[in-house]
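Data block below; observations after.
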Amino acid sequence: MGTQVPIQEGLFTWPSEDPRLIGSECNQCGAVLFPAQSGCPKCASDDTKHRELGKRGSLWTWTIQGFPPKAPPYAGDLENFEPFGVGYIELPGEVKVEARLTTADKDALKIGMEMDLQFLPLYVDDDGNEVITFAFSPAQEQ
Amino acid sequence: MSTPEVAIVGIGMHPFGRTPERSGQEQGVYAVRKALADAGIEWKDVQFAFGGSAAAGAADTMVSKLGLTGLQFINVANGCATGGSALFSAYNTIASGAYDLGIAIGYDKHERGAFRVNTKAGGLGDWYGKNGLALTTQFFGMKINRYMQQHDISHSSLAKVSAKAFRNAEHNENAWRRQPIPEEQILESDMLSYPLTKFMFCSPAEGGVALLLARADKAHKYTDTPIYLNAAAVRSRRWGSFEVMSPWIAIDDGVGPTVDASKAAFEIAGMGPEDIDLAQLQDTEAGAEIMHLAENGFCEHGEQERMMQQGETEIGGRFPVNTDGGCLANGEPVGASGLRQVYENVLQLRGQAGKRQVPNDPKVAYTHVYGAPGISGVTILSR
């Protein structure tokens, strides 16, 4: 087994004891974005800094990806494809982040429910590394 | 109402759907020849062209088939608003006084299945596609899912939108899917992206549309039934809007480009939603038609539930929507889709829509196109 590598450098802190999504914050107007970028779409300044985002948020909306995505670009397992949840998680005071969800059960998903950041393996790359992505799961205590 | 400066004097269309024996460009050429015949003119009379396709090559190459007349031909590439942008550009070229007669052309030919998204071209990292997030279908599922909860829209109303589309298309020889489908079958078909099933989504397709535009004061040279273009407006997204292919949405809620384009078009035309007799609204999926009714100002949020259940948007209803079957029944050749809507409205305003003709002599019609990465185009036509 190879090592665990992030799906993209700079998307989240990795490796880390307590990995976080890396967004950016505008030094002029405070707007928060994900992933981090230069330039602020809210006030048009180019003065931004990196910001590690919160780990808990609420489910703003969701769907379930019911059919296998085209590959490329999709890199996940298509041979044993199982539907997966996708949603936007509103991180309070920061930004709404789009992510895979750890459940694809429509009855387990409710707009407004608390969600926690998770990291999980998505596929194994050509070098045998386990590629890690971020996702959100329903919080244990609702 | 402001005095229109531009008129549509000829229209042409290549049927939508799948035509294996013709390239996308050939379907565009076919549409141009139909439009020329409709106006009774020749290609050499056309002074300028704006044309585009998303997946079927550069439109200006079609002069090698239509004739090398040396005209000004500008390619347009603006995602799902390509056709709308070609029309907008042609409209402004005439309104500016630069030329008297020109053409807007859109055509396309896509591979089967959901759109394969080029994340790089979309300004997104590779991780987004690898992760399984680069699907336009997810956005539509998520937008209507939230909207249904906020505004009490039922699954039954989604099914009614699709059922209407296929029923309207039955009487449209240019449409792709012309077989009526019962609501139960729509609801029970494969769940592609909750709450949207297979028959609630349009599919990428093929087809072409061409529209000849002239100065309004010269329109009668070409046709007895000029249709005036009172407004054409295109808008992109602002802070706080929720758009397709977004790894993030602003924490602040805002309105989308449809609201902005609609307001701009009504202002240019000097009209309001109450002046419109029928509309073609972007229906990438059934929920989009419902949400776009409100975003374009034709009802309050939530009112759609009653409108759908009571059939108010049927051809014989109070406010007919997507009379030609919309994207749901025509499919979406991206470059041509916005022009198809205008083509349908010209037929309706001329009274030439046959079995799907809106009754009571409609005088003003509206089109709305929406697409990635958050653009909308609106036109208002009158006779």
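The values are calculated or read from the model by the stated rules, or taken from the named source; none is laboratory data. Predicted model only: the values in this text are computed from it and were never measured. A quick note on method: Cβ atoms are made from the backbone with ideal geometry, for glycine too, and the neighbour counts reach across all protein chains shown. To get the accessible areas, we keep the full protein, side chains included, count just its heavy atoms, and leave off ligands, DNA and RNA. Shrake-Rupley method; radii C 1.70, N 1.55, O 1.52, S 1.80 Å.
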Please list, by residue number, everything in region B:4-28 whose backbone N is under 15 Å from a paramagnetic label point 7 Å out along Cα→Cβ of B:Thr61. B:22-28
In region A:1-28, which residues have a backbone nitrogen under 13 Å from the label point lying 7 Å from A:His50's Cα in the Cα-to-Cβ direction? A:9-16, A:20-25
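With a 1.4 Å probe, how much accessible area is buried between chains A and B, both sides summed, in Å² to the nearest hundred? Kindly include the intermediate steps, with their values, before the conclusion.
Values: alone 8480 and 15290 Å², together 20180 Å².
Chains A and B together bury approximately 3600 Å².
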Interface residues, region B:118-167 - accessible area loss of 20 Å² or more versus chain alone, probe 1.4 Å: B:Trp127, B:Gly129, B:Lys130, B:Asn131, B:Gly132, B:Leu133, B:Leu135, B:Gln138, B:Met142, B:Asn145, B:Arg146, B:Gln149
Residues of region B:190-208 that become at least 40 Å² less accessible with every protein chain present than in their own chain isolated, using 1.4 Å: which are they? B:Leu192, B:Tyr194
What is the angle, in °, between the Cα long axis of helix B:155-169 and the longest principal axis of the Cα atoms in chain B? Nearest 10 is fine, range 0 to 90. 30
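What percent does the relative contact order of chain B come to when contacts are Cα pairs within less than 8 Å and at least six residues apart? Numbers along the way, then the final one.
Numbers: 930 pairs, mean separation 99.6, N = 383.
Result for chain B is 26 percent.
Step through the table entries A:Lys42/B:Lys130; B:Lys34/B:Lys65; A:Lys42/B:Lys120, compare each Cα-Cα distance with 18 Å, and write down the pairs that go over it. Intermediate results must be reported in sequence, preceding the final value.
On the way: A:Lys42/B:Lys130 28 Å; B:Lys34/B:Lys65 14 Å; A:Lys42/B:Lys120 23 Å.
Cα-Cα > 18 Å for A:Lys42/B:Lys130; A:Lys42/B:Lys120; rest within.
Please get the size of the charge dipole for the protein assembly as shown, origin at its Cα centre, with Cβ charges of +1 on Lys and Arg and -1 on Asp and Glu, quoted in debye to the nearest 20. Working shown, then result.
Working: 45 positive and 64 negative charges, 308 e Å.
With only Lys, Arg, Asp and Glu charged at Cβ, the dipole is about 1480 debye.
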Please state the charge dipole magnitude for region A:32-142, taken about the Cα centre, from unit charges on C-beta atoms (+1 on K and R, -1 on D and E), reported in debye and rounded to the nearest 20. 520
Calc'd 3J(HN,Hα), region B:27-41, phi into Karplus 6.51 cos²θ - 1.76 cosθ + 1.60 (θ = phi - 60°), Hz, glycine/Pro = x, comes to 5, x, 4, 4, 5, 4, 4, 5, 5, 4, 5, 4, 8, x, 10
Other-chain or far-sequence residues with amide H under 5 Å of B:Gly207's (modelled H): B:Asp108
For A:Glu9 and B:Ser154, extending 7 Å from Cα along the Cα-Cβ vector and measuring point to point gives, in nm, a value of 5.6
Would you kindly state how much longer the chain becomes between B:Arg33 and B:Glu111 on full extension, computed as 0.36 nm times their sequence separation minus their alpha carbon distance, in nm to one decimal? 25.5 nm
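Over region B:1-120, with the other protein chains present, what is the accessible area per residue in square angstrom, probe 1.4 angstrom? Walk me through the numbers on the way to the answer.
Working: 4950 Å² over 120 residues.
On a per-residue basis, region B:1-120 sits at 41 Å².
Tell me whether region A:49-142 comes out rounded, prolate or oblate; compute the Cα gyration tensor, take square roots of the eigenvalues as a ≥ b ≥ c, and use a/c under 1.5 as the rounded threshold. Don't skip to the answer; put the middle values down first.
On the way: a/c = 2.11, a/b = 1.38, b/c = 1.54.
Here region A:49-142 falls in the oblate category.
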All lysines inside 21 Å of A:Lys110 as judged from Cα atoms, apart from same-chain residues fewer than 8 positions distant: A:Lys55, A:Lys96, B:Lys143
With θ set to phi - 60° and the Karplus curve 6.51 cos²θ - 1.76 cosθ + 1.60, what are the ³J(HN,Hα) couplings of region B:267-282 in order, to the nearest whole Hz, using x for Gly and Pro? 5, 4, 6, x, 10, x, x, 5, 8, 8, 8, 7, 9, 10, 10, 3
Principal-axis tilt of helix B:286-295 within chain B, Cα atoms, nearest 10 degrees: 70
Cys in chain B lacking any partner Cβ under 4.7 Å -> B:Cys80, B:Cys299
Whole-percent carbon and sulfur contribution to the accessible surface of region B:187-304 (1.4 Å, no ligands, DNA or RNA) stands at 45
Amide H neighbours of A:Phe12 under 5 Å, counting only residues 5+ apart in sequence or on other chains, H built in-plane at 1.01 Å? A:Ile22
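Provide a whole-number value for the mean count of partner chain Cβ atoms within 10 Å of the Cβ atoms in peptide A:67-79. Walk me through the numbers on the way to the answer.
Working: counts 9, 2, 13, 9, 4, 8, 16, 8, 6, 3, 0, 0, 0.
Mean partner shielding for this stretch: 6.
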Förster-model FRET efficiency, 22 Å R0, B:Asp224 and B:Lys363, C-beta, rounded to 0.05: 0.85
